[in-house]
Amino acid sequence: MPSVLVLNGPNLNLLGSREPAVYGSESLADVERICQDAAQRFGLRAACRQSNHEGVLIDWIHEAGRLCAQGEAIGVVLNAGALTHTSIALHDAIRGTALPVIEYHISNVHAREAFRHHSWVSPVARAVMAGLGVQGYGLAIAALAQLAGVAAQEGKSPGINGK
């Protein structure tokens, strides 16, 4: 079964307790359930990972590039957190692997502080999604599946929570 990798960066392990007015009350475990459910609707497996370390995320991007080249994965949903705005290394890793990436942000980063308005990931991402809360991870997986030409399985809607 092909996979979609869902990579979460710094501080996303704090979901549910970190600034609930911005990020909501759902936990990272809730995000992982949303991702598993969304992937299953396309006959995919979601491999969800989180790290507070840039180098670990880069290693996972390299791994995802190899998996995509081997036909074992369709791409990555990446919420790089604050590294989005600072990491040229993430940009270079994505570009170097030619990896299909959907850049995702739980909050609308463009309605927040000015330093969050620039992304080093966006220029090498296939698409950018923001502001849909944790439920948007399911939509990002559906978008990645569509870009990869993977159709929803019969009787399973690709929408949020199967709706």
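Some notes on this structure:
- The single condition among (1) at pLDDT 95 or above; (2) assigned to a helix (DSSP H, G or I) that residue 5 does not meet is (2).
- Selection status of residue 26, acidic (Asp, Glu) and modelled with pLDDT under 95: yes
- Checking each residue in the range 9-31 for being in contact with a Gly (Cβ under 7 Å, 6 or more places away or on another chain) and in contact (Cβ under 8 Å) with a residue 40 or more places away in the chain picks out 9, 10, 11, 12, 24, 26.
- Some residue of the range 9-18 being in a helix (DSSP H, G or I), closer than 14 Å to residue 134 by Cα, modelled with pLDDT of 95 or more and within 15 Å of the chain's Cα centre (by Cα): yes
- Residues in the range 1-53 that are buried (at least 18 other Cβ atoms within 10 Å of the Cβ), within 26 Å of residue 111 (Cα to Cα) and among the aliphatic types (A, V, I, L, M): 6, 7, 12, 15, 31, 34.
- Exactly one residue out of 124, 77, 134 is farther than 23 Å from residue 37 by Cβ, surrounded by 17 or more Cβ atoms within 10 Å (Cβ to Cβ) and under 15 Å from the mean Cα position of the chain (by Cα), and it is 124.
The values are calculated or read from the model by the stated rules, or taken from the named source; none is laboratory data. All of these numbers come straight from a predicted model, not from anything done at the bench. Don't worry about glycine lacking a Cβ; one is built from the backbone with ideal geometry, like all the others, and counts go over all protein chains shown.
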